[in-house]
1. With a bin width of 5 angstrom, please list the P(r) values of the range 283-371 as percents of all Cα-Cα pairs, from the 0 bin to the one holding the largest distance.
2. Going by Cα centres, the range 12-86 and the range 351-423 are how many Å apart?
3. At 1.4 Å probe size, with every protein chain present, just tell me what the per residue accessible area of the range 321-376 comes to in Å².
4. Got the relative contact order for the chain handy, in percent, Cα pairs under 8 Å and 6 or more residues apart?
5. If you take all C-alpha pairs in the range 183-328, what percent of them are over 27 Å apart?
6. Taking the C-alpha atoms of the range 272-421, how large are the radius of gyration and the largest Cα-Cα span, Dmax, in Å?
7. Given a 1.4 Å probe and every protein chain left where it sits, what share in percent of the accessible area of the range 70-160 is carbon and sulfur?
8. Build a GNM of the chain with springs between Cα atoms under 10 Å: which of 408, 60, 160 gets the top mean-square fluctuation?
Amino acid sequence: MVPGITPGTSMGCCMDKELEFYRTHLASQVLPFWEKAFDEEYGGVFTCFSNDGETLLSQDKFTWSQARMLWCLSCLVKSTACCVGLSEDRLKGYREAADKLYIFLDSHAWLSAEDEVAAFLLDRTGKKKESIPGKGLYTSFYADCFLIMAYARYSLLSDDASIANKALLMYRKMLKVLSGGIVKTEPYPLPAGAEAHSVPMILCNTAHELSLALMEFYPEEASGIAQEAEHFAHTILERFVDKQSLQVQEVILSERKNESLLERHRNPGHTVESMWFCLDVLNPKYHMQLGQIVTTALDLGWDSDYGGLFRFVDQDGGKVSGEMDGSSFARLVADTWDYKLWWPHSEAIYASLRLYLETADETFFSWYKKLKAYTFSTFPGESGKEWVQIRKRDGTPEEKVVALPVKDPYHILRMLLLIIETLDKYIKDKKHGL
C-alpha cells in the first residue's frame with residue numbers, strides 16, 4: 001500500500017495525509033544526508049559520493065550540482081509550507097549553507113571571456129578545472145542555466161535585487177553565446193548537425209525561474225523574460241513533438257533519416273519533466289495537450305515486467321535500436337537504456353500529481369499511485385540516508401556513472417519541495433472555497 005493513500009478513495013480525501021508523507025520524507029530521509037555533506041571550510045556541498053552515499057569519492061565540485069543545491073536550499077528556507085516541522089536550528093543551518101554556497105559560486109564559477117559563461121568544474125577550494133582534459137573550462141551551457149536559476153531563487157531568499165540582476169546579465173550573455181553557435185552540452189555531447197529537445201526545454205525553465213525573481217525586483221524586465229519562456233515552450237511543442245504519436249523526439253539530425261539510434265530513442269523522464277516546465281508558462285488551453293504527451297511517455301516508458309520507467313526506449317517501445325554514430329551520447333543511450341534512475345520517477349510523481357490536481361482527470365491519479373508505489377519501495381536507502389539513485393532494471397543497485405560522477409541533490413529535493421508547496425496551496429484553496 002502506498003503511504004497516505006487508501007485504496008478506493010478519491011485523491012481529494014487524502015491530501016492532508018499526502019502532505020504529511022512528503023514533509024516527513026523530506027525531514028527524516030533526504031535532508032539528514034545532505035546536512036552532513038556541506039563543506040564548512042570552503043562553502044559548497046560535496047556531491048561526488050558512491051551511489052549508496054557511503055563513500056566520498058572526490059572533493060571536486062561540479063557547478064551544475066552546486067547550483068542545483070543552492071536552488072533547493074533557497075526554495076526550502078523561503079517556503080513557509082516546506083519549513084513546517086523543521087526546527088529553527090536546522091533552518092538556520094540551511095540558510096548559512098545557502099549563503100556560503102552563493103559566496104563560493106559567485107567567487108569562482110563565472111568566466112570572463114565573451115564566448116564563455118561559467119566553468120563546469122571546480123576543485124574543493126574553488127579553483128577552476130577542466131572536466132575533460134583539453135576541452136577548456138567552458139563545456140556545458142546547462143551549468144549556466146542551473147546557476148542562473150539558483151541566483152534567481154537565492155535573490156528572493158536574500159531579498160537582494162543585485163543578485164537577480166546578475167542572473168539577468170548572465171542569462172543574456174548565455175543567449176548571446178548560444179546565438180553565436182556555441183552550444184556546449186556536456187555531459188550529453190551532440191554530434192554535428194544535431195538539435196536537442198533539452199536545449200529549449202532547459203531554457204524554458206530557466207527563463208521562467210528568472211522571470212519570477214525579476215517580477216519581485218524588476219517587473220519591467222520580467223514580462224519580456226516570461227514571454228521568452230513561452231517561446232521556448234512553443235518551440236518544444238512545434239519542433240520536437242510528433243503530432244501523430246505525441247512523442248517527444250530527444251534528438252533531431254539534419255538528415256532526418258530516422259535510422260539513427262539517437263533519433264529513434266525516447267526519454268520518458270525528460271518528456272514528463274519538459275511538460276511540467278511547459279505547464280508553468282503556457283495558457284491553460286494547452287493543459288490537455290501537455291497531459292496527453294505525459295501519459296504517452298509514461299505508457300511508452302513503463303516496464304511491464306519489473307515496474308518503473310526505463311531510462312530510454314525506442315520510438316516503438318522497448319529496447320533502443322538504430323544505427324550508432326560513434327558518439328559518446330549514443331553509447332550512453334545504448335548501454336544504460338534499461339536502468340531505473342531516481343530522477344525520471346521523481347519528475348513523473350510531481351507531474352502526474354500536479355496534472356491530477358489541475359484537471360481532476362483520474363488517469364493522472366492512477367499514474368500517480370503507480371509511480372509513487374514503485375518509487376518509494378525501490379529507491380530510498382536506509383533511514384536518513386536519502387536514496388540509492390541508480391538501479392538496474394530489476395531494482396538492484398548499480399555503481400555506475402550515468403551522467404556526472406555525482407550523487408545528485410536536485411531531483412528528489414526539488415520534487416519534495418514542489419509537491420509540498422502544491423499540496424499546501426491546494427488544501428488551503430479548498431478550505432477557502434477556491
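The values are calculated or read from the model by the stated rules, or taken from the named source; none is laboratory data. These figures come from a predicted structure and were not determined experimentally. In this analysis, Cβ positions are derived from the backbone assuming ideal geometry, glycine residues included, and neighbour counts consider all displayed protein chains. Ligands, DNA and RNA are excluded from the accessible area calculation, which covers all protein heavy atoms including side chains. Shrake-Rupley method; radii C 1.70, N 1.55, O 1.52, S 1.80 Å.
1. For the range 283-371, the pair-distance distribution reads 2, 13, 22, 20, 16, 12, 7, 5, 1, 0.
2. 14 Å
3. Result: 33 Å² per residue.
4. Reported relative contact order: 18 percent.
5. 26 percent
6. According to the Cα coordinates of the range 272-421, Rg and Dmax are 15.7, 46 Å.
7. 49 percent
8. Comparing 408, 60, 160 in a Gaussian network model of the chain, the most mobile one is 160.
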